[in-house]
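Structure first, then comments.
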Amino acid sequence: MSAPSQPPARTAAAAGPPGRSRAAWFAALAAGTADLHEPRRDDCPWCGSRRLRTRLRTGDLRHRTPGRFTVDACRECGHTFQNPRLTAQGLALHHGVPGPGLPATRRHHRSAAHAVRLRCPEPESWLDVGTGHADFPAAAREVLPYTSFDGLDPTPRVERARAAERVEEAFVGRLTDPHIRTLLRARYDVVSLFHQLEHAPDPRAELHAALHVLRPGGHLLVETTDPGSLLAVLLGRWWPPYDQPRRPHLPAPANLCAELGAQGCTVLAVDRAGHLPHDLAGALGTACLL
C-alpha cells in the first residue's frame, strides 16, 4: 500500500522479555498472576463500542503456565482482544517462557517478497519489524538481491543477525519508541509487519509508526491473523493464533484497511488465503495487506 507523506505520530512502549530459565519463569508465574492484569475494560480498544462478547476463556495451551485468560470481540467492528489485558510485566513474563512459536517457511518468506516485487520496482531499502534472527531478510534477498534489508527487534537477536550479515543495519527496540521513530523517519521504501500487530500494546499506534518510517510513496506489507476467519470459528479455543496469553490483540483486517485509508494510504491488495495454496499462513487464517 502506498503511504502518506506525513502520518500522525503516536507512541507506545512495552517491556521486552528478560532472559531466564524455563524453571524460573514457571516459579515466577506460580507465585501469583492477579497483579499481572490490567483492569477489565467494558469498551472496545479499537472503536470504543461497549457491545462486547466473550469469545473464549482459556489457559496457556502452549506452555501450560498458570492463569486463565479471556478473549473478547467487539460486535461493532470485530476487533478481538485480551480482556483483561496483561500488564507490560505480565506480557514480559509470558513472552519469556522458552518454546517454539509459529514459524514461517522459507517459501513463505520468498512469496511475500515476490508479492511486493509484483507491485512495485525493486526497493532500495526495507525494514523488517520484529525480525528476530532475520529469517525473512535472508530469504527475501534471494528474490530482491539489490535491496538493502535492515532489521528491528526488541531483543539482541537482531544484532546477532547483523553479525551474521543477514541484515545491513540492526536496531534494538520497538517501532513506537521515540528514539526509533526519530532515527528512522521517512527512511524506507518498504516496511514489513509480519504478525507484529497482534503483540503490540496499541496496534493503531504501531501502524502509524510504520507509516512514519516510510518514505512518501513507500509500501507497507502487513501480515496478521484474521479473527473472523472460518478456521477461527471452527477451531474455537484450539485456533493456534489465539496463542493466549501472548497476543493481546487480534485486529480485524477490515479495520486495518479502514485505518490505513484514513491515513491517506491506498490498499493495493488483501490476500486472505496466504501466498501459496499449502502455506502455513493460509492454514492459520491469515490476511496479508499490501
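The table for this structure:
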| item | result |
| --- | --- |
| Pairs where the first residue, in the range 105-131, is more than 25 Å from PRO156 (Cα to Cα) and the second is among the acidic types (Asp, Glu) and in a helix (DSSP H, G or I), C-beta under 9 Å, 6+ apart | none |
| Subset tally (residues that are closer than 21 Å to VAL233 by Cβ and within 22 Å of the chain's Cα centre (by Cα)) for the range 63-91 | 13 |
| Test for ASP177: is it under 23 Å from GLY90 (Cα atoms), surrounded by 19 or more Cβ atoms within 10 Å (Cβ to Cβ) and at pLDDT 95 or above | yes |
| Pairs with Cβ under 7 Å, 6+ apart, first in the range 142-166 and in a strand (DSSP E or B), second buried (at least 18 other Cβ atoms within 10 Å of the Cβ) and acidic (Asp, Glu) | PHE149/ASP128; GLY151/ASP128 |
| Qualifying residue in the range 272-286 (condition: at pLDDT 75 or above and of a type outside the set (Lys, Arg)) | no |
| Residue list for the range 114-141, filter: under 20 Å from LEU214 (Cα atoms), outside any helix (DSSP H, G or I) and under 19 Å from the mean Cα position of the chain (by Cα) | TRP126, LEU127, ASP128, VAL129, GLY130, THR131, ALA134 |
| ALA163, sole failed condition from (1) closer than 26 Å to ASN255 by Cβ; (2) of a type in the set (A, V, I, L, M); (3) surrounded by fewer than 19 Cβ atoms within 10 Å (Cβ to Cβ) | (1) |
| All positions within the range 45-63 that are surrounded by fewer than 17 Cβ atoms within 10 Å (Cβ to Cβ), part of a loop (DSSP other than H, G, I, E, B) and touching a Lys or Arg at 6+ places or on another chain (Cβ under 8 Å) | SER49, ARG51, GLY59, LEU61 |
| Filter result for the condition that a residue is out of contact with any strand residue (DSSP E or B) (no Cβ under 6 Å at 6 or more places or on another chain) and surrounded by fewer than 18 Cβ atoms within 10 Å (Cβ to Cβ), over PRO66, PRO84 | PRO66 |
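To keep it simple, each residue is scored yes or no on (1) surrounded by 20 or more Cβ atoms within 10 Å (Cβ to Cβ); (2) under 24 Å from THR87 (Cβ atoms); (3) touching a Cys at 6+ places or on another chain (Cβ under 9 Å).
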| residue | (1), (2), (3) |
| --- | --- |
| HIS195 | yes, yes, no |
| PRO227 | yes, yes, no |
| GLY236 | no, no, no |
| PRO245 | yes, yes, no |
| ALA252 | yes, no, yes |
| LEU256 | yes, no, no |
| LEU260 | yes, no, no |
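The values are calculated or read from the model by the stated rules, or taken from the named source; none is laboratory data. Note that the structure is a prediction, hence the values are computed from the model and not measured. Positions of Cβ are generated from backbone atoms using ideal geometry, with glycine treated the same way; all protein chains shown enter the neighbour counts.
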